[in-house]
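**Q** Quick one: the structure is below, questions incoming.
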Amino acid sequence: MKTDIYLYNSLTRQKEKFVPVEEGKVGIYVCGPTVYNHSHIGHGKSYVSFDAIVRFFRFVGYRVLYIQNITDVGHLTDNADEGDDKIEKEAKKDRVNPMAVVETFMRSYFENVDKLGVGRPDISPRATGHIIEQIELARILVSHGYAYEAGGNVYFDVSKFPDYGKLSGKKVEDLIAGARIDVRGEKHNPADFAIWKKAEAGHIMRWPSPWGEGFPGWHLECSAMSMKYLGNSFDIHGGGLDNQFPHHECEIAQSEAATGKPFVKYWLHNNMVTVNGTKMSKSLGNFVTLKDAFMKFDPTTIRFFILQSHYRSPLDYSDEAVEGAGKGLERLKNVLVQLMDLGADENARVDFENLPEEPVNLRRYYDEWLAAMADDFNTPSAIAVLFEMLKDVNSIIGTGGVVTVALASVLYAFTRALAGDVLGIIPAESQHGREVETDLIRLMIEMRADARKDKNFKLADTIRSELQKIGVVLEDKKDGTTTFKVSR
RNA sequence: GGCGACGUACCCAAGUGGUAAGGGAGAGGUCUGCAAAACCUUUAUGCGGCGGUUCGAAUCCGCCCGUCGCCUCCA
């Protein structure tokens with residue numbers, strides 16, 4: 001590995017050096033969405049954050065197995081394990097099969113995060129595809145005495161698992177004292193949680209089990225699926241801070257009670273998104289879906305905006321802030337265009353072991369970037385390093401310094417690798433677009449150059465402004481040449 | 001009520017004991033037919049407030065104010 005990685009472990013509440021369960025490999029599980037609605041900007045933050053983390057692990061040489069589930073069993077909208085199943089509620093509204101609702105929003109989810117440059121997980125297991133594993137896990141818990149059946153429901157007995165609360169810092173007594181919920185009489189202890197639920201009449205999604213027809217409790221799927229693909233003990237489990245309790249706490253209890261082994265080594269939690277300072281909620285009408293956001297901003301800009309703050313910091317979404325981020329990103333992308341104009345080879349590779357120190361100190365910038373990323377994935381600091389490098393490069397270009405094709409190529413590849421491959425804030429496609437379009441634009445530039453020579457500035461300006469309308473921005477250089485960039 | 005975070009310039013945001021990164025916006029300048037881009041200069045004696053520890057604190061401690069999250073489905 002190129003470097004040691006330190007990460008903040010929610011379980012121990014401190015930064016720790018990452019030591020994998022198995023040398024050279026990382027097993028990571030991240031809680032995926034419940035697909036009953038369009039994804040919002042909060043989902044965006046979570047999945048972009050973990051995407052950057054996964055990309056970084058791969059960059060430094062780890063073999064990563066990334067699992068992210070799709071929750072396609074609805075679970076309940078209400079407290080006290082009552083209320084409607086969210087997916088079924090949606091299905092009844094539209095008079096369609098619940099699985100059709102799942103399909104619709106699962107596709108929507110992937111379309112959205114694809115646009116954000118989030119790499120697909122290696123495996124996207126679905127809860128309904130792992131009912132057998134979940135029943136088996138519940139069966140083990142019952143047979144080991146950690147869970148009990150009551151009226152067709154199966155509950156985890158919190159009193160049998162003394163470590164319950166170790167992740168969230170909660171005490172079972174406090175939970176009972178502060179309980180705002182009506183306690184189900186059949187539970188032994190108010191803090192006990194359902195791992196299998198009886199399907200009442202009219203409940204559509206149901207499966208046979210040793211306890212009659214029913215469906216799995218929410219927490220069970222993540223235990224069953226993570227351990228199936230990553231083993232009983234694995235490296236990293238991630239998710240939103242709002243899932244720390246009860247979801248992740250319950251996962252630990254179920255998994256460790258069933259296997260007798262430590263479940264997860266490092267817990268990573270990303271912080272939440274607020275909109276104009278307040279929590280997103282449908283009732284407040286400030287619910288920003290990714291679809292909405294993409295109407296106003298380029299998805300890459302949204303990604304950049306997300307990564308410009310730390311994953312463990314809360315992020316406040318506002319048009320003003322995203323606009324500001326977009327302008328900054330534009331500058332970053334612009335340097336690549338400039339380097340291309342200097343003849344940079346698009347396919348050049350960087351040798352990180354052997355970076356130049358003059359005239360741009362890439363050695364130092366790389367060390368700083370790496371240190372930032374290795375320190376709990378500090379993407380804001382890493383981005384700041386890229387901006388410092390950019391300033392250096394522009395300064396040389398702007399003051400007429402000599403940038404050889406070889407240097408331009410190294411700078412280009414360096415920026416592409418760090419900003420593109422790892423952070424994902426530079427889209428992969430060529431800035432200059434397709435050949436025919438490029439030739440056409442060059443033709444317009446020549447025509448405009450003739451107009452300028454004749455002092456026909458009216459025509460010259462018309463050409464420039466009309467091209468700008470279709471997203472082609474012309475820039476006249478000092479030496480009389482004109483370059484362009486495509487800004488969409 | 002219980003638990004936990006956070007509060008850094010006009011906006012966004014790093015920094016967890018050694019004297020305030022970075023981005024946006026603003027101001028002035030260089031370049032230019034004009035733009036745009038780029039570069040240079042500039043914008044917090046101060047990091048919510050008040051105390052304390054220390055040679056030294058945005059960073060540690062205490063209290064207060066404010067915001068957010070969790071305790072109930074949630075990324």
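The values are calculated or read from the model by the stated rules, or taken from the named source; none is laboratory data. The structure presented is a predicted model; accordingly, all values stated were derived computationally and were not measured. Quick reminder, even Gly has a Cβ in these numbers, built from the backbone with ideal geometry, and neighbours come from all protein chains shown. Heads up: the accessible areas ignore ligands, DNA and RNA and are worked out on the full protein's heavy atoms, side chains in. Shrake-Rupley method; radii C 1.70, N 1.55, O 1.52, S 1.80 Å.
**Q** Quick one: Debye curve from the alpha-carbon atoms of segment A:188-243 only, equal weights, vacuum; give me log10 I(q)/I(0) at q = 0.12, 0.17, 0.27 Å⁻¹ to two decimals.
**A** -0.42, -0.76, -1.08
**Q** Given the peptides A:138-151, A:210-223, A:155-168, arrange them by the average over their residues of other C-beta atoms within 10 Å, most packed first. Present the calculation step by step, with values, prior to reporting the outcome.
**A** Working: A:138-151: 17.7, A:210-223: 22.6, A:155-168: 19.5.
With the highest mean Cβ count within 10 Å placed first, the list reads A:210-223, A:155-168, A:138-151.
**Q** Something else about it: To make sure I understand the rule: partners must be lysines, Cα under 27 Å from the Cα of A:Lys160, and not fewer than 8 residues away in the same chain. Which ones qualify?
**A** Excluding near neighbours in sequence, the set is A:Lys170, A:Lys171, A:Lys187, A:Lys197, A:Lys198, A:Lys228, A:Lys261, A:Lys265.
**Q** For segment A:192-216 and segment A:329-349, compute the distance between their C-alpha centroids and round to whole Å.
**A** Segment A:192-216 and segment A:329-349 have Cα centres separated by 57 Å.
**Q** Of the options A:Ala138, A:Ala374, A:Phe110, report the single residue whose Cα projects farthest towards the positive end of the charge dipole of chain A (beta-carbon charges: Lys, Arg +1; Asp, Glu -1).
**A** A:Phe110
**Q** With labels modelled as points extended 7 Å from the Cα through the Cβ direction, what inter-label distance (nm, one decimal) is found for A:Asn361 paired with A:Thr3?
**A** A separation of 1.6 nm, rounded to one decimal place.
**Q** Follow-up question, since we're still on this one. If r is the Cβ-Cβ distance from A:Asp319 to A:His144 and R0 is 60 Å, what FRET efficiency results, to the nearest 0.05? List each step's numbers first, then the result.
**A** Details: r = 53 Å, r/R0 = 0.89.
The computed FRET efficiency comes out at 0.65.
**Q** Counting helices only, and only those DSSP H runs with n ≥ 4, report the 222 nm mean residue ellipticity of chain A as the sum of -39,500 (n - 2.57) divided by its residues, in deg cm²/dmol to the nearest 500. Don't skip to the end; give the middle numbers.
**A** Details: 15 runs with 204 residues, N = 488.
One gets -13500 deg cm²/dmol as the mean residue ellipticity at 222 nm.
**Q** Continuing with this model, one more query. Just round it to a whole percent: the fraction of Cα-Cα distances in segment A:6-270 exceeding 31 Å. Show your work: numbers first, answer last.
**A** Values: 8445 of 34980 pairs.
When all Cα pairs of segment A:6-270 are counted, 24 percent exceed 31 Å.
**Q** Under a Cβ-only charge scheme (Lys and Arg +1, Asp and Glu -1), can you give me the dipole magnitude of chain A about the Cα centre, in debye to the nearest 20? Intermediate values should be presented prior to the final figure.
**A** Numbers: 59 positive and 69 negative charges, 112 e Å.
With only Lys, Arg, Asp and Glu charged at Cβ, the dipole is about 540 debye.
**Q** Also, quick follow-up: To the nearest 0.05, how large is the calculated FRET efficiency for A:Met447 and A:Lys93 if R₀ is 56 Å and r is the Cβ-Cβ distance?
**A** Details: r = 58 Å, r/R0 = 1.03.
FRET efficiency, A:Met447 to A:Lys93: 0.45.
**Q** Only Lys, Arg, Asp and Glu count, each charged at its Cβ (+1, +1, -1, -1), so figure out the dipole size of segment A:331-467 about its Cα centre, rounded to 20 debye.
**A** On the way: 15 positive and 23 negative charges, 142 e Å.
It works out to roughly 680 debye.
**Q** Could I ask something else about it? Give the lysines reachable from A:Lys291 as a straight Cα distance under 17 Å; neighbours fewer than 8 places away on the same chain don't count.
**A** Qualifying lysines at Cα under 17 Å: A:Lys45, A:Lys115, A:Lys282.
**Q** Viscosity 0.890 mPa s, temperature 25 °C: what is the translational diffusion coefficient of segment A:389-488 from Stokes-Einstein with a Kirkwood Rh over Cα pairs, rounded to a whole number of µm²/s?
**A** Working: Rh = 15.6 Å.
This corresponds to a translational diffusion coefficient of 157 µm²/s.
**Q** Just the number, please: percent antiparallel of the DSSP beta bridges in chain A, rounded to the nearest 5.
**A** Numbers: 24 of 46 bridges.
Given both bridge residues lie in chain A, the antiparallel proportion sits at roughly 50 percent.
**Q** Let me ask something else. Taking a ≥ b ≥ c as the square roots of the eigenvalues of the Cα gyration tensor of segment A:285-367, is the shape rounded (a/c under 1.5), prolate (a/b larger than b/c) or oblate?
**A** On the way: a/c = 3.05, a/b = 1.99, b/c = 1.53.
Note, shape of segment A:285-367 comes out prolate.
**Q** How would you order A:30-38, A:299-307, A:84-92 from highest to lowest mean count of nearby Cβ atoms within 10 Å? Don't skip to the end; give the middle numbers.
**A** On the way: A:30-38: 22.2, A:299-307: 23.9, A:84-92: 19.4.
My ranking of the peptides, most packed first, is A:299-307, A:30-38, A:84-92.
**Q** Assuming R0 = 56 Å, can you tell me the calculated FRET efficiency for the pair A:Asp392 and A:Ile123, based on Cβ-Cβ distance, to the nearest 0.05?
**A** Working: r = 42 Å, r/R0 = 0.75.
Efficiency at R0 = 56 Å is approximately 0.85.
**Q** Along each of the three principal axes of the Cα atoms of segment A:325-422, give the extent in whole Å, ordering the values from largest to smallest.
**A** Rounded to whole Å, the extents work out to 37, 32, 24 Å.
**Q** Give me the percent of the accessible area of chain A that comes from carbon and sulfur atoms, probe 1.4 Å, all protein chains in place.
**A** Working: 11260 of 22430 Å².
C and S atoms contribute 50 percent here.
**Q** Can you give the three extents of the C-alpha atoms in chain A along their principal axes, from longest to shortest, in whole Å?
**A** Largest first, chain A extends 90, 50, 36 Å along its Cα principal axes.
**Q** Please give the peptides A:456-463, A:100-107, A:352-359 ranked by average Cβ packing (other Cβ atoms within 10 Å per residue), highest first, as a rough proxy for protection. Write out the running numbers ahead of the final one.
**A** Working: A:456-463: 14.0, A:100-107: 18.0, A:352-359: 11.4.
The peptides rank, most packed first, as A:100-107, A:456-463, A:352-359.
**Q** Identify, among A:Leu443, A:Leu459, A:Val473, the residue whose Cα sits farthest towards the positive end of the charge dipole of segment A:435-486, taking +1 on the Cβ of Lys and Arg and -1 on the Cβ of Asp and Glu, with the dipole about the Cα centre.
**A** Going by the Cα projections, it comes out as A:Leu459.
**Q** What whole-number value in Å² describes the accessible area per residue of chain A for a 1.4 Å probe? Could the numbers behind the result be given before it?
**A** Details: 22430 Å² over 488 residues.
Heavy-atom accessible area per residue stands at 46 Å².
**Q** Here is a follow-up. Quick one: check the C-alpha center-to-center distance for segment A:100-155 versus segment A:229-269, whole angstrom.
**A** Centre-to-centre (Cα) distance: 14 Å.
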